[in-house]
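The values are calculated or read from the model by the stated rules, or taken from the named source; none is laboratory data. These figures come from a predicted structure and were not determined experimentally. We place every Cβ from the backbone using ideal geometry, glycine too, and count neighbours over all the protein chains shown. Only protein heavy atoms, including side chains, enter the accessible area calculation; ligands, DNA and RNA are left aside. Shrake-Rupley method; radii C 1.70, N 1.55, O 1.52, S 1.80 Å.
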Amino acid sequence: MSGAFPPLAKSDYLMADVDRSIKIVIEGLSEEIEVNGQKYNGAMQPSGLDDKDIADVLNYVRNSWGNKGDIVTEAMVAKVRAGK
């Protein structure tokens, strides 16, 4: 299903804005995005995960498959969840 699911490996979209990535895992996403120069228009449902699990997942994907990102903390997730 080309154009539905963006890559996580070396993803410019994932790495560009940690708060946006947190918000997507919390709330899901259903709009067109551009990742590494290609457009994607799939849907991701809200994860239903707690703050610790979201931090753990994002730390894994932001530091795997060629990605090198800062650590995501539970406090960061809680702040985004609260809309701050």
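Evaluated against (1) touching a helix residue (DSSP H, G or I) at 6+ places or on another chain (Cβ under 6 Å); (2) open to solvent by 40 Å² or more (accessible area, probe 1.4 Å); (3) among the aliphatic types (A, V, I, L, M); (4) within 21 Å of Lys84 (Cβ to Cβ), Leu8 falls short on exactly one condition, (4).
Taking residues in the range 18-44 that are among the aromatic types (Phe, Trp, Tyr), and partners anywhere that are surrounded by 14 or more Cβ atoms within 10 Å (Cβ to Cβ), the pairs with Cβ atoms closer than 8 Å and at least 6 places apart or on different chains are Tyr40/Pro6; Tyr40/Ile33. Tyr13 passes every criterion in (1) among the hydroxyl-bearing types (Ser, Thr, Tyr); (2) open to solvent by 30 Å² or more (accessible area, probe 1.4 Å); (3) part of a loop (DSSP other than H, G, I, E, B) apart from (3). Among the residues making up the range 29-70, those that are touching a helix residue (DSSP H, G or I) at 6+ places or on another chain (Cβ under 6 Å) and surrounded by fewer than 14 Cβ atoms within 10 Å (Cβ to Cβ) are Asn36, Pro46, Lys52.
Taking the range 37-84 as the range and being assigned to a loop (DSSP other than H, G, I, E, B) and hydroxyl-bearing (Ser, Thr, Tyr) as the test, the residues that pass are Ser47, Ser64, Thr73. Tyr13 meets each of the listed conditions (1) at pLDDT below 95; (2) touching a strand residue (DSSP E or B) at 6+ places or on another chain (Cβ under 7 Å); (3) hydroxyl-bearing (Ser, Thr, Tyr) apart from (1).
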